[in-house]
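Scroll down for the structure; my scribbles are underneath it.
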Amino acid sequence: MAKLSLRAVQKLTCKKRDAWWTVFLVDPMATRLLMVVARFRFITPDRVTWAALFVGLASAGFFLKGDTTSLVVGALLYHFSFVLDCIDGKLARLKGNGSVFGGWLDYVFDRIRVLACALALMGGQYLRTDDPRFLLAAVGVVFLDMLRYLDALQIYKMRQSMRAKLERTAAERAAAERAERDARGEGRLVFMEDLLRDNPATSVETLRAEAEAPVVDLHEQFRDQFPWYTRVRRAMLRTRIRPHLFSGIEFQMFVFIVGPLLGRILWTTAASAAMLLAFELFIMYKFWLSTRDFNRVVRDMTATPSAAAPDPAADWSEAASVSAWTTPGVPLAEGIPGQARHGVEDRFPSREERLGFPHHEQYQQYEPYEPYEPYEPYEQYQPRYEHHEQYQDHTSYAPQEQPAEPAHASWFEPYGDSHPDPYAQHPYAQPPSPQYPEYPTRPDAQPQPWADGGFAR
């Protein structure tokens, strides 16, 4: 570490954007202490984090006393604990020995230090003055600190999820032609916020024009509504100060350092709380506009078809056939008149049109259904039985005439009676049927029931 200069250490360990309190009042002291502690191998980032917690708890002990001297000592110790809190991260970046557990430990110890100092500072003042407003101030400080860090964590997670979804959507669109698009650098996305972070002095238009891949801007609406924000941000980033002027760091410093040093704890706490809430609302509004840009980008990406999509009309016919189909009044085939276009769907002919059939067949137009009219009920069938006697002479057919003599009695007797042949006594060898004289009856026929109740053979 002795070979590295102060400027080199600052370039390696300091963030590109940070709070103005950290830039002006913490980093100058932290980088110089870092050059000293980095020479010792037994000093690790986790041990520096534990040291920051113990110094913070010591400042809480002085805050609890409540007198002026204790408040000044407590304020100085709290500032030194914050310097140590910054050194652990810088040491991890310088040596490359950071860990996930160290990041979690740093976050948890920060919350413990703020909670202990808030309760001690406001509780000590309440014990000295019996003013209940200090108790409300203690609750407010703890609540706002938790709100700030939880809000920042959730916004960070949501932004990461939005970026992941956009990258996944872009990858799905480019899956069919990934080889060609990767060769041209079109299979990936570039976010404008990353370009601005790496090139803070460059304008948005220049970065978009020089980008080698599609640029996604999730803060376009915000810059349109606040055009002065880009100029202010560019001017502040020259000195590594982030545009979020009053964050959780400034809030803690004003409550635990500025307030005790000035002797105006309540007024300083109220003013810093108001500033913190104002900037948090501003960040929430910016995030809301960012979600609208996100929805717009996703909608455009999913609605835009791929550039290499084939033309369905090119597979069924030549260009002349397509032009003949799409032009009204041009015949489709010999004897088949052309049809007028009614919409985009008419551009692609159907199977019947490709085979040469007319586009529209003329069908008979039917009238609407007629109202139901009940039919007349059918008359109940009444069987009618007519009695026909055997005619004496079949040559003289006269239905209205009745025979002078009745029919032979053997006709109505069951089969197998004493007379084997009832027609034996008849003068004709083959007498006619009782109802149809023109068809002679076979003598050996089986007896069958007839309409008049008799039997016929």
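Among residues belonging to segment 167-176 that are assigned to a helix (DSSP H, G or I) and out of contact with any helix residue (DSSP H, G or I) (no Cβ under 6 Å at 6 or more places or on another chain), point out the one that is modelled with the lowest pLDDT. It would help to see each step written out before you state the result.
Going residue by residue through segment 167-176, those that are assigned to a helix (DSSP H, G or I) are 167-173.
From what's left, out of contact with any helix residue (DSSP H, G or I) (no Cβ under 6 Å at 6 or more places or on another chain): 167-168, 170-173.
On the way: Glu167: 82, Arg168: 83, Ala170: 79, Ala171: 78, Glu172: 77, Arg173: 74.
Across segment 167-176, the extreme among qualifying residues is Arg173.
Of all residues in segment 269-295, those that are free of Cβ contacts under 8 Å to residues at least 60 places away in the same chain have Cβ atoms under 7 Å from Cβ atoms of residues that are in a helix (DSSP H, G or I) and open to solvent by 40 Å² or more (accessible area, probe 1.4 Å), 6 or more apart or on another chain, in Ser272/Phe254.
In segment 206-222, how many are assigned to a loop (DSSP other than H, G, I, E, B) and surrounded by 17 or more Cβ atoms within 10 Å (Cβ to Cβ)? Going through segment 206-222 one residue at a time, the tally reaches 3. Restricting attention to segment 267-280, the residues being open to solvent by less than 40 Å² (accessible area, probe 1.4 Å) and either of a type outside the set (Gly, Ala, Ser) or not in a helix (DSSP H, G or I) (or both) number 4. Looking only at residues of segment 223-246 that are farther than 19 Å from Trp288 by Cα and assigned to a loop (DSSP other than H, G, I, E, B), we find that the one that is most open to solvent (accessible area, probe 1.4 Å) is Arg238. Determine, yes or no, whether Ala179 is modelled with pLDDT under 85, aliphatic (A, V, I, L, M) and part of a helix (DSSP H, G or I). When the stated conditions are applied, Ala179 passes them. The C-beta contact set for segment 222-233 (first residue in contact (Cβ under 8 Å) with a residue 60 or more places away in the chain, second residue surrounded by 11 or more Cβ atoms within 10 Å (Cβ to Cβ) and not small (Gly, Ala, Ser), distance under 7 angstrom, 6+ apart or interchain) comprises Phe222/Lys286; Phe222/Leu289. Check whether at least one residue in segment 281-288 is part of a helix (DSSP H, G or I) and either more than 32 Å from the chain's Cα centre (by Cα) or small (Gly, Ala, Ser) (or both), and report yes or no. No - not one qualifying residue is present in segment 281-288. The residue pairs whose first member lies in segment 133-156 and is open to solvent by less than 60 Å² (accessible area, probe 1.4 Å), whose second member is of a type in the set (S, T, N, Q), and whose beta carbons are closer than 6 Å, counting only pairs six or more residues apart or on different chains, are Phe134/Gln125; Ala137/Thr269. Residues that are open to solvent by 10 Å² or more (accessible area, probe 1.4 Å) and of a type in the set (S, T, N, Q) within segment 71-102 comprise Asn97, Ser99, listed in sequence order.
Count, please, the residues in segment 104-132 that happen to be open to solvent by 60 Å² or more (accessible area, probe 1.4 Å), under 24 Å from Leu277 (Cβ atoms) and of a type in the set (Val, Ile, Thr). So the count comes out to 1. Do the conditions hold for Arg159, that is, is it in a helix (DSSP H, G or I), surrounded by 17 or more Cβ atoms within 10 Å (Cβ to Cβ), in contact with a helix residue (DSSP H, G or I) (Cβ under 8 Å, 6 or more places away or on another chain) and modelled with pLDDT of 80 or more? Spelling it out, Arg159 is indeed in a helix (DSSP H, G or I), surrounded by 17 or more Cβ atoms within 10 Å (Cβ to Cβ), in contact with a helix residue (DSSP H, G or I) (Cβ under 8 Å, 6 or more places away or on another chain) and modelled with pLDDT of 80 or more. For segment 26-65, filtered to residues that are without any contact (Cβ under 8 Å) to a residue 24 or more places away in the chain and of a type in the set (A, V, I, L, M), the residue that is farthest from Leu76 (Cα to Cα) is Val36. Just a yes or no: is a residue in segment 251-260 at pLDDT below 95, open to solvent by 60 Å² or more (accessible area, probe 1.4 Å) and either part of a helix (DSSP H, G or I) or touching a Ser or Thr at 6+ places or on another chain (Cβ under 8 Å) (or both)? Scanning segment 251-260, I find no residue that is at pLDDT below 95, open to solvent by 60 Å² or more (accessible area, probe 1.4 Å) and either part of a helix (DSSP H, G or I) or touching a Ser or Thr at 6+ places or on another chain (Cβ under 8 Å) (or both), so the answer is no.
Collect the residues in segment 1-58 that are touching a Lys or Arg at 6+ places or on another chain (Cβ under 8 Å) and among the small types (Gly, Ala, Ser), keeping them in residue-number order. Within segment 1-58, Ala2, Ala19, Ala30, Ala38, Ala52, Gly56 meet the criteria. Among the residues in segment 188-199, are any farther than 23 Å from Ile283 by Cα, open to solvent by less than 40 Å² (accessible area, probe 1.4 Å) and modelled with pLDDT under 80? For segment 188-199, residues farther than 23 Å from Ile283 by Cα, open to solvent by less than 40 Å² (accessible area, probe 1.4 Å) and modelled with pLDDT under 80: present.
The values are calculated or read from the model by the stated rules, or taken from the named source; none is laboratory data. Because the structure is predicted, anything quoted here is derived from the model rather than measured. A quick note on method: Cβ atoms are made from the backbone with ideal geometry, for glycine too, and the neighbour counts reach across all protein chains shown. The protein model used for the area step is the full one, side chains on, heavy atoms only, and it has no ligands, DNA or RNA in it. Shrake-Rupley method; radii C 1.70, N 1.55, O 1.52, S 1.80 Å.
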